[in-house]
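None of the figures in this text is laboratory data; all of them are computed from the coordinates on show. None of these values were measured; they are calculated from a predicted model. Using ideal geometry, Cβ is built from the backbone for each residue, glycine included, and neighbour counts are taken over all protein chains shown.
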Amino acid sequence: MKHQNGFRQSIAVTALLALGAGSAFADGPFSTIAEMFPGSTFVTTKTLFPSKYVYEGNPSGPYVCWVRGSSPTVRLKLNYTGPAAMWTVTGAGTLITPTGPYPISVTPTGLGTPAGPANVYLNVVIGGLPNAVTRGDLYIYLNLGTGGPLHLEQDILVDAQAYLVEATPVKTMANRVWVEVLNDTCSWAMLKAGTTNVLDALTSGLFWGSVGFYDPSNPRYIDRASEEFHLKRFLDERPLATPDCQDVAAYLEIAFNAQGGTTTLTSSGYINAQNAWVPFRTNPVCGIGWNALELPTYSVHDFNFHAQNNYSGVWDSCAAQWETPLGYPYASPIRGWALIDYWQSYHGGTFRGLVNNWQGLNGPQFLPFPPDRLTWKVESVTSVN
């Protein structure tokens, strides 16, 4: 079928999608050897780690990860068995996301005049991708034809699961990004743009994402000795995971890495003159997994320290606070608070923030927070398994 305009092309795409996705579609002199995505970050999954995702041979289509608003190239390696002929290529495409379809432009180049049998390459530049974080099913329809008396024609359909991220993923986590993490982050930050906006969405998304329930006793997924995060275990145990504050902070860092950002992963606490942690009692907080909009879910805890993320302020997906440092309603995980407000502030005759008091030699002391005696221990996570 020859397509004369965009309307007929869109009908053709719809018809092809109804018949099912595939690499090469319809009989003809071309067969697809490989689909390559040179601009994509290496992607893997919890079942394939540590191998990168293999693009070819997966019936569900490959996973690709591109920066939002970019114009990436898809490169097709084709085997051609037809006669020498000048081929022209037209195309259309769409990205179907949870928030709706986006028509995309398709600019094919490089096919030329092949003479079979031969392997040839077809480059397809994609334009019009959303300039915001999202994910969806990418479909590219190509119509190849010779025209003239020879009049050969063939349709090719390329499909992929596409993730559009804020910036190139920081590949400190085993030098590639996991599909499961991309599903989280591109869902939580759907349609967001800008580094701080994305981190804000990730912090809220992790807290409200039904990943599990806060267990302050000990970290279950992060190994401080090896600086290793057991990502597969964390993913497998959801939605009944039992993370502590260190686990939650580590996964927020991994999630932000997948969107191209980094935080400073820290453990904070009060130390005495002997440089030892001094236990402190919190104000009522709501741990991850519980409904922060309901006051009965808030309770006090006794900590030696508490882990969180720092990025021009404090980001804490583990523990929501009921009020702001000034006493206004909040009922959310902490997003971008100044350290002194987050840790402890005094307003309206009440200590607000995380800390209500710390315990000295003479028992509980209700004192304003002295900034020079708060220690931030910088942590890191260098690998996952």
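Taking the simple approach of a point 7 Å from Cα along Cα-to-Cβ for both residue 304 and residue 228, what is their distance in nm?
2.3 nm
Ordered by residue, what ³J(HN,Hα) values in Hz, to whole numbers, does the range 118-129 give under the Karplus form 6.51 cos²θ - 1.76 cosθ + 1.60, where θ = phi - 60° and Gly and Pro are x?
Taking θ as phi minus 60°, the curve returns 6, 9, 10, 10, 10, 9, 10, 8, 9, x, x, 5 Hz for the range 118-129.
Given a Förster distance of 45 angstrom, what is the FRET efficiency for residue 151 paired with residue 70, based on the Cβ-Cβ distance and rounded to 0.05?
Numbers: r = 37 Å, r/R0 = 0.82.
Plugging the Cβ-Cβ distance into 1/(1 + (r/R0)^6) gives 0.75.
Restricting to DSSP loop positions (anything but H, G, I, E, B) with no more than 13 other Cβ atoms inside 10 Å of their own Cβ, which GluC sites (Glu not before Pro) remain in the range 243-343? Intermediate results must be reported in sequence, preceding the final value.
On the way: sites: 253, 294, 323; in loops: 294.
Passing both the DSSP loop test and the Cβ count: 294.
Which residues' amide hydrogens lie under 5 Å from the amide hydrogen of residue 384, considering only partners 5 or more residues apart or on another chain, with H built in the peptide plane?
Distant-sequence amide H within range of residue 384: 174, 229.
Say R0 is 25 Å: what FRET efficiency, to the nearest 0.05, do residue 236 and residue 42 get from their beta-carbon distance?
Values: r = 22 Å, r/R0 = 0.88.
Plugging the Cβ-Cβ distance into 1/(1 + (r/R0)^6) gives 0.70.
What FRET efficiency comes out for residue 90 versus residue 119 if R0 is 22 angstrom and r is the Cβ-Cβ distance? Round to the nearest 0.05.
The calculated FRET efficiency here is 0.50.
As an exercise, identify the chymotrypsin sites (Phe, Trp or Tyr not before Pro) in the range 289-326 lying in DSSP coil whose Cβ has no more than 10 other Cβ atoms within 10 Å. Don't skip to the end; give the middle numbers.
Values: sites: 290, 298, 303, 305, 311, 315, 322; in loops: 290, 298, 305, 311.
Of the chymotrypsin sites (Phe, Trp or Tyr not before Pro), not one in the loops of the range 289-326 has a Cβ with at most 10 other Cβ atoms within 10 Å.
What aspartates and glutamates does residue 46 reach when the alpha-carbon gap must be under 12 Å and sequence neighbours fewer than 8 apart in one chain are set aside?
Cα-Cα hits under 12 Å: 180, 236.
Find out how many positive minus negative residues lie around residue 122, taking Lys and Arg as positive, Asp and Glu as negative, among other residues whose Cβ is under 12 Å from that of residue 122. Mind showing how you got there, number by number?
Numbers: positive: 75, 77; negative: 35.
Net local charge, residue 122 excluded: +1.
Within the set of other residues whose C-beta is less than 10 Å from the C-beta of residue 214, count the net charge using Lys and Arg as +1 and Asp and Glu as -1. Walk me through the intermediate numbers first.
Working: positive: none; negative: 215, 244, 247.
Surrounding charge for residue 214 is -3.
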